[in-house]
Each structure stands twice: as C-alpha cells, then as structure tokens.
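Chemist: Please see the structure below; I have some questions.
Readers should treat all values here as calculations from the given coordinates under stated rules, not as data from a laboratory. Note that the coordinates shown come from a computational prediction; the quantities given were computed from them, not determined experimentally. Cβ coordinates were reconstructed from backbone atoms using ideal geometry, including for glycine residues, and neighbour counts include every protein chain displayed.
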Amino acid sequence: MRVEVVPAGAFGEAAAAAFLELCARRGAQPLVGLATGNTPTAMYQALAGRGLPGVRAFAVDEYVGPREHACSNRAYFRSYWEPLPGAGVVEQFDPGAADLDQECERVAAAVPAGGGLDLVVLGIGLNGHLAFNEPGSARDCPARVVELHRESRTAAARCWGAAAPRQGMTLGLRELLGAKAVLLLANGEAKAAIVARALQGEVGPECPASWLQEHPDLTVVLDEAAAGRYLR
Ligand code: PGA
C-alpha cells in the first residue's frame, strides 16, 4: 500500500498525477473504473489541464432513478469526464433498462470480457462502502442491484432531496477488488475516522473498504484532514 498525504489545495493535482502514473503503468488503452461523487471532482478538474491517455472508462455505479436526472452519475460524467481532452464514452449502468438484474449481469460480463479492470478509482463512503457495496457485502459479490444504506441515502439526498433513490446498481467487490491497481481517494475531516478504520482496522465485510488492505497494488491519496486519524 502506498499512501500519499497532501495539503487540501494539492489534493486534485496529486490524485490526477497518481491516476496518470497508474494508467501509464498499464499499457495501451487500460480499462479504468471511475467513481463519481464529491471526492474525485478535483481530480477530474486537474485532468482537464493535462489531457488523458487513451483509456476505456467504466462507471463503478449508478443510482436506480430517472436515467437523465441531474444528480445521476451519468450526468456527473457528462459534466466532469466527457469534456476532458481525450475522454471517450463511459460504459455505464442503464437505470432505464427494463430488467435491472439483467443490466447488472451485462455489466458484470463486460468487465472480464474487456480483460478486467486495469485500474479503478474509488472514493470511500462514510460507512466504508466501495461504490455501492454497502457494509455486509461479501468479498466476491458481483455487479448487482443493491439497497442503499441510510448513510448513502443521506449523502444522496444532498443532491436528490426527498427523491433520493433507495437502490443503486454497482460493480461488485469481485470486479473492484479484482482490478490490477486501485486508487483510493479521500478528502475532508468527515472521512478521517472511516479512512483509519478501512486502512488500519480489522478486515471484513463490516467495512468493505477494509478489503483493500489485502490488495497487492493499492495507492491512496488523502488530504491532511482525511489523514487525521491514520497512523503514519
Ligand atoms: P463522496 O462519496 O465522494 O461524495 O464523499 C464517496 C463514496 O460514497 O464513495
């Protein structure tokens, strides 16, 4: 595990530099899983000034809600990823699909068909979730429809308001932990406790992000606030 702690103002640049370095290590057209949310926004903004290498991008999750909703992850990628120089289309879950389980199976099959994730960029939920793999998720769970836990719905409500979805579609820990490299990002004091729990606490399903301790190629970029309880 490589952990980099940087001042808050340098977080986006440090994350972007780590992302580009990890992509470069993976050869041509790596398959990259991408997170949405507050955490990676500064990284995407920093990448705008640098441009992207050729990557094939995959969304790690989506809300089960109206497909074109302004708070959907699809809309997030439209704002922060698609305008980047060199960005291609992001493969995404379609919450408008007639059969959501089948849609998750399609995605679960597309990842290994594409050679598996070369790199996945992840944030961490306040409850330790990775993408929408909530506490209690098994280590080898596949892409699937999930019930969002209260913390995730509360976080979603900051954008969605009372319409916050109850369900999500997510790559499973099987696909995420199977990535050849993982870039975990966290910033802000609110994440300090869960970062320490995930990286230095007991490994197990109560905190899905703790499984990352066992990953052979994990890079973590934290700002100083998020690293406040991480023992260096
Ligand atoms: P956030 O979400 O980046 O909006 O804090 C992180 C996550 O839930 O994975």
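Chemist: Looking at the structure I just gave you, is R78 surrounded by fewer than 16 Cβ atoms within 10 Å (Cβ to Cβ), under 18 Å from the mean Cα position of the chain (by Cα) and not aromatic (F, W, Y)?
Modeler: Details: surrounded by fewer than 16 Cβ atoms within 10 Å (Cβ to Cβ): yes; under 18 Å from the mean Cα position of the chain (by Cα): yes; not aromatic (F, W, Y): yes.
Criteria met by R78.
Chemist: Residue by residue through segment 136-147, note down the ones that are closer than 22 Å to R106 by Cα, touching a residue at least 60 places away in the same chain (Cβ under 8 Å) and either part of a loop (DSSP other than H, G, I, E, B) or over 18 Å from the mean Cα position of the chain (by Cα) (or both). Explain how you work it out, then say what you get.
Modeler: Just the residues of segment 136-147 that are closer than 22 Å to R106 by Cα, to begin with: 137-147.
Still in the running and touching a residue at least 60 places away in the same chain (Cβ under 8 Å): 137-139, 145.
If the condition is that a residue be closer than 22 Å to R106 by Cα, touching a residue at least 60 places away in the same chain (Cβ under 8 Å) and either part of a loop (DSSP other than H, G, I, E, B) or over 18 Å from the mean Cα position of the chain (by Cα) (or both), then S137, A138, R139 are the ones that fit.
Chemist: Continuing with this model, one more query. Please give the number of the condition Y44 fails out of (1) assigned to a strand (DSSP E or B); (2) within 16 Å of the ligand (Cβ to nearest atom).
Modeler: (1)
Chemist: If you scan segment 199-223, which residues turn out to be in a helix (DSSP H, G or I), within 16 Å of the ligand (Cβ to nearest atom) and either of a type in the set (D, E) or closer than 19 Å to A155 by Cα (or both)? Walk me through it before giving the result.
Modeler: Restricting attention to segment 199-223, the residues satisfying the condition of being in a helix (DSSP H, G or I) are 199-200, 208-214.
Still in the list and also within 16 Å of the ligand (Cβ to nearest atom): 199, 208-212.
Selection gives P208, A209.
Chemist: Still on this structure: Tell me, yes or no, whether segment 161-184 has at least one residue that is of a type in the set (D, E, K, R), within 15 Å of the ligand (Cβ to nearest atom), in contact (Cβ under 8 Å) with a residue 40 or more places away in the chain and not in a strand (DSSP E or B).
Modeler: No.
Chemist: Let me ask you something else. Specify the residue that is nearest to W211 (Cα to Cα); the eligible residues are those in segment 117-152 that are more than 11 Å from the ligand (Cβ to nearest atom) and surrounded by fewer than 16 Cβ atoms within 10 Å (Cβ to Cβ). Walk me through it before giving the result.
Modeler: Taking segment 117-152 and keeping what is more than 11 Å from the ligand (Cβ to nearest atom), we get 117-120, 135-147, 150.
If we keep only those that are surrounded by fewer than 16 Cβ atoms within 10 Å (Cβ to Cβ) as well, we get 136, 138-140, 147, 150.
Working: G136: 12, A138: 10, R139: 7, D140: 11, E147: 21, R150: 22 Å.
The selected residue is R139.
Chemist: How many residues are surrounded by 16 or more Cβ atoms within 10 Å (Cβ to Cβ), of a type outside the set (G, A, S) and under 24 Å from T154 (Cα atoms) if we restrict to segment 177-198?
Modeler: Looking only at that region, the number is 7.
Chemist: For V203, indicate whether it is β-branched (V, I, T) and within 15 Å of the chain's Cα centre (by Cα).
Modeler: On the way: β-branched (V, I, T): yes; within 15 Å of the chain's Cα centre (by Cα): no.
No; evaluated as a whole, the condition is false for this residue.
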